[in-house]
Amino acid sequence: MKQYYFFVLIFISVALKSQNLGINLSYIDSTANPCNDFYGYCNGKWQKSFKLPESDARYGSFNEINNNNLKNIKVILDAASKNKAAQAMTDEQRLRDFFNTAMDSTKTEKDGYAPIKNQLAAIDKVKNTEDLLALKTRFDENGISLFFSGSVGTDPKNSRKNIFQIMQSGYGLSNRDFYYSAQFENIRLEYKKYLASLFELIDIPAEKAKTNAELVFNFEKQLVEKAFTSLQMRDYEKMYNIYSPSTLKELTPLINWNDYFKNKNIKHPDTVMVATVDYFKDLNSLLKATPVETLRMYAKAQLLMESAPFLSPKFEAVSFNFRGKTLSGAKQMKPRWQRVQQTMDRCIGDIVSREYVKKHFTPEAKQKINKLIDNLVISYRERITSRTWMSAETKKQANRKLDLLIRKIGYPDTWKDYSQLTIAQNSYWENVCASTKLAVTENLADLKKPVDRNKWQMTAVTVNAYYDGSTNEITFPAAILQPPFFDANAEDAANYGTMGAIIGHELTHGFDDQGSQFDADGNMKMWWTKEDYENFKSKTQMIVNQFDGYTAIDTMHVNGSMTQGENIADLGGLTMSYYAYKKSLGGKPSPKINGLTGEQRFFIAWAQGWKQVTRDAELKRLLTVDYHSPAYFRAFAPLSNMKEFYETFGVKEGDKLFTPESKRVEIW
């Protein structure tokens with residue numbers, strides 16, 4: 001027996017030497033007390049020494065992974081740019097010509113605003129509201145949103161069926177608060193200057209440009225008066241409003257919906273989902289009362305804002321000065337090739353992704369992630385069983401969600417088909433429009449098809465992950481499965497503290513305040529008993545209260561209601577991953593490395609995953625529009641609810657992270 005343990009210990013020692021630690025000891029500030037300032041303890045030295053690049057509004061672990069991935073993507077793009085042998089209408093040709101045309105700043109400077117002159121001329125031909133609504137359909141194909149957006153998506157209450165959905169859209173500041181909140185007065189002033197500068201770039205005299213900017217702003221402010229706020233947009237039930245052709249006509253008599261759908265080459269659907277009813281009622285009145293000259297100028301503003309990043313350097317600079325500097329606080333633009341790569345990811349992302357995964361995502365990595373998911377699901381089942389506030393009936397339905405869970409890892413089984421896409425060398429903007437039109441056409445074609453549950457909503461080179469309640473799926477693109485979030489050569493504590501917690505996070509979205517409204521089949525349907533759901537809501541209110549109490553900057557607090565889904569997912573994901581890690585130890589104590597137990601390394605890995613430096617302007621913007629809490633709070637807030645953290649670091653009453661048991665949030 002002694003000999004057996006001896007060899008086991010030797011094996012563990014050798015294995016640990018061959019593995020990466022997974023956490024970065026150089027970030028740790030040992031002068032900080034982890035019981036008072038866990039973020040500072042885990043990231044203090046990094047926070048003090050890191051210099052935020054001039055081109056970034058914020059920088060953290062997601063950026064770190066993305067920048068490492070970009071080095072690999074750059075190799076792919078450079079090789080594609082030199083591929084003279086690529087045959088016409090192949091993906092190799094599309095990749096080469098999209099990249100080379102976009103990178104040709106000399107040509108874009110020479111062209112000025114010539115690439116959008118035909119679209120500007122089409123706006124000038126508009127004589128009335130009917131003309132503009134007809135033009136809207138053509139603009140929709142190019143990603144230029146006027147008044148509202150319309151697209152095909154899953155019917156929330158019939159997850160096997162697609163439905164046409166219309167919702168608020170078509171305003172440059174993207175969020176209602178920017179138009180009405182007192183704290184954003186400077187943003188509004190700068191926005192008007194931004195619009196005026198764009199108008200001047202199409203040869204409109206300065207004074208006229210300023211007048212036009214004022215007209216557009218005032219129209220948009222009226223347009224968003226009845227728009228939903230970010231918080232209201234989280235209420236799925238209020239956004240589920242089904243209209244027939246006749247009732248839709250009654251809602252907006254001024255809009256000829258038959259013509260609208262005819263222009264899209266589809267028949268008027270029998271049912272349309274209207275997300276924001278009062279917005280459309282108001283839109284009808286606004287269209288009737290607004291002079292056509294103002295509507296034309298509004299349409300030009302939307303065209304200019306959408307196309308500016310793809311036109312001459314002057315247009316790019318005006319766009320960045322507002323979008324980058326004013327709204328987010330960045331000091332300078334990213335290198336051109338990186339800006340182009342972001343656009344290519346949106347337009348022809350699967351072509352780049354296909355080449356990326358060949359070189360940078362191994363079957364072994366996929367196998368290890370699958371094993372992590374298996375362990376997280378086991379932990380989830382055990383936690384569901386242990387919930388004393390849930391009935392057996394509700395627990396059965398919760399387990400059924402786990403039974404039917406779809407998992408997508410790395411990249412899709414079938415890559416997107418671009419055979420109908422023509423990419424030329426005429427202009428960057430033209431290629432953006434062509435790829436957007438293909439995406440819109442494919443989306444509209446889905447209306448007559450059942451929901452495709454194999455479709456991915458992100459490319460493989462996207463550093464992110466998601467849960468979709470309508471399909472009950474979790475998706476982890478290859479790009480996020482990289483250090484520091486996941487390292488196949490790192491020891492388990494770190495991988496569970498980062499990637500395991502991310503997997504648990506996405507699983508928990510199936511059981512957060514929104515995901516809890518969807519059953520195992522993806523239908524928005526009450527699957528809880530009334531008592532259980534009331535118990536659940538009382539617990540989620542506690543996490544709302546917790547985050548409402550955090551002041552992020554100046555007098556701006558975290559919005560606990562708006563961010564509750566992500567906060568629930570953080571707490572649930574971290575809890576599940578902790579117990580999955582403990583189970584992986586097989587009942588043995590965790591190995592101690594550099595004086596740290598596995599449990600300590602687990603929590604440190606979590607907090608280091610949320611290291612971030614953010615500019616003030618960007619933080620204020622995110623607090624207004626983002627459903628996630630700032631990274632700083634995500635690093636420690638969930639831990640203050642976990643007895644496992646208290647036990648690991650010896651948190652006691654009187655410590656700043658100590659929360660009385662009666663106020664600690666435990667949901668899953």
Any chance residue 384 is part of a helix (DSSP H, G or I) and within 23 Å of the chain's Cα centre (by Cα):
no
For residues in the stretch 533-570 being assigned to a loop (DSSP other than H, G, I, E, B) and under 19 Å from the mean Cα position of the chain (by Cα), which is surrounded by the most Cβ atoms within 10 Å (Cβ to Cβ)?
563
When (1) β-branched (Val, Ile, Thr); (2) in contact (Cβ under 8 Å) with a residue 40 or more places away in the chain; (3) more than 26 Å from residue 257 (Cβ to Cβ) are applied to residue 154, the one that fails is (3)
Residues of the stretch 470-516 that turn out to be polar (S, T, N, Q) and touching a Ser or Thr at 6+ places or on another chain (Cβ under 6 Å), as a count
1
In the stretch 347-395, which residue that is among the acidic types (Asp, Glu) and closer than 22 Å to residue 409 by Cβ is modelled with the lowest pLDDT?
364
First in the stretch 19-36 and more than 14 Å from residue 497 (Cβ to Cβ), second anywhere and loosely packed, with under 14 Cβ neighbours inside 10 Å, Cβ under 6 Å, 6 or more apart:
19/489; 36/656
Is it the case that some residue within the stretch 450-463 is surrounded by 18 or more Cβ atoms within 10 Å (Cβ to Cβ), outside the structural domain of residue 519 (by TED's automatic domain parsing) and not hydrophobic (A, V, I, L, M, F, W, C)?
yes
Under the condition of being of a type in the set (S, T, N, Q) and closer than 15 Å to residue 433 by Cβ, which residue from the stretch 104-148 is modelled with the lowest pLDDT?
137
Based on this model, can you work out whether residue 316 counts as assigned to a helix (DSSP H, G or I), surrounded by fewer than 21 Cβ atoms within 10 Å (Cβ to Cβ) and among the acidic types (Asp, Glu)?
yes
Among the residues of the stretch 153-175, what is the count of those that are outside any loop (DSSP other than H, G, I, E, B) and within 19 Å of the chain's Cα centre (by Cα)?
4
Look at residue 352 and say whether it is crowded, with 19+ Cβ neighbours inside 10 Å, in contact (Cβ under 8 Å) with a residue 12 or more places away in the chain and either charged (D, E, K, R) or farther than 30 Å from residue 616 by Cα (or both).
yes
List the helices (runs of 4 or more DSSP H) inside the stretch 427-525, counting only whole elements, that have at least 3 residues being farther than 30 Å from residue 597 by Cβ, of a type in the set (Val, Ile, Thr) and in contact (Cβ under 8 Å) with a residue 12 or more places away in the chain.
428-445
Quick test for you: out of 333, 344, pick the one residue that is part of a helix (DSSP H, G or I), surrounded by 15 or more Cβ atoms within 10 Å (Cβ to Cβ) and either at pLDDT 95 or above or assigned by TED's automatic domain parsing to the domain that holds residue 581 (or both).
344
Examine the stretch 278-295 for a residue that is within 25 Å of the chain's Cα centre (by Cα), in a helix (DSSP H, G or I), at pLDDT 95 or above and crowded, with 19+ Cβ neighbours inside 10 Å, and state whether such a residue exists.
yes
The stretch 543-596, residues that are of a type in the set (S, T, N, Q) and in contact (Cβ under 8 Å) with a residue 24 or more places away in the chain:
546, 559, 561, 563, 564, 567, 575, 577, 584, 590, 594
Tell me which helices (runs of 4 or more DSSP H) are completely within the stretch 612-668 and hold 3 or more residues being within 29 Å of the chain's Cα centre (by Cα), or say none if there are none.
616-625, 631-636
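The values are calculated or read from the model by the stated rules, or taken from the named source; none is laboratory data. Computed from a predicted structure; not experimentally measured. With ideal geometry, Cβ positions are generated from the backbone for all residues, glycine too; neighbour counts draw on all protein chains shown.
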